[in-house]
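Nothing in this text is a laboratory measurement; each read-out follows from the coordinates by a stated rule. This structure is a prediction, so every number in the text was calculated from the model and none was measured. Reconstructed Cβ throughout: ideal geometry from the backbone, glycine too, with neighbour counts over all protein chains shown.
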Amino acid sequence: MTSRTRKLIGYGLTSAVIAVGGVEALNLASPDTPTISTSTEGEVEHAFEQNVSFWVARGLGAIATTKLIVVSGNDTYDCPGVPNTAEPKDEVLSARSPSEVCLSNQTVIITPADLTTAPGGVTFTVGHEVGHVVGEVTKQLGGREWDDVHSKIGLAAEESATCYAGIEMNAELPLKIAEVSASIVGDVAEDPIHGTGTEQANAFMKGARANDITACAIDTFLAQNK
């Protein structure tokens with residue numbers, strides 16, 4: 001086990017480089033190791049701060065402690081698991097991993113793997129991951145595990161996060177809504193966790209049209225998907 005350093009951004013904080021302990025060293029050094037450019041990293045940070053500020057202004061003060069970690073190049077990040085929660089197992093994320101949220105320590109992890117292919121680019125990717133934090137701080141999972149490809153709640157949690165991204169994007173970038181929705185339909189491949197592009201686009205538009213946090217509840221999508 002080793003310690004690595006990487007950039008950590010917190011809402012209302014200035015950028016800082018910190019040491020993160022307990023990160024398993026992975027042999028990732030290769031010419032094609034994906035990286036995030038300085039300019040794109042700046043976009044990620046801006047989108048993150050904009051998202052968190054939006055939800056704080058909507059009354060979700062607990063989201064203010066959310067952190068952002070950009071994993072690029074040979075970096076890795078260890079998301080600690082907590083037994084009997086939505087994330088029971090440790091997970092080591094690399095630059096080749098999809099962007100994720102570590103709910104056990106309320107940290108959004110953005111990787112290069114998503115930023116070149118994700119529909120809506122940086123804004124949607126960050127908004128979706130922050131959307132998972134919204135679901136966590138509003139206690140929607142209630143201890144249920146969603147990180148399971150065979151779990152219906154997994155799809156509902158992903159749709160819920162996408163719905164929250166729709167609320168935020170409609171408030172901040174309303175002219176981008178139709179473009180992002182069309183991109184989701186065309187670019188999202190069907191998988192057991194995220195569902196089809198159409199399902200994700202419908203969830204995104206549900207949030208954009210409703211502008212109501214209760215419309216994006218996980219249980220709403222669970223009932224809808226029966």
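Just a few scattered comments:
- Remark on V101: its backbone amide H falls under 5 Å from those of I109, a criterion applied only to residues 5 or more positions apart or on other chains, H modelled at 1.01 Å from N.
- Distance violations [Cα-Cα > 22 Å] among K206/K226; K67/K152; K139/K176; K67/K139: K67/K152; K139/K176
- Packing-based exposure ordering (other Cβ within 10 Å, fewest first) of C102, C163: C102, C163
- In a fully extended conformation the segment linking A178 and N225 would gain 14.5 nm over its present Cα-Cα distance, using 0.36 nm per residue.
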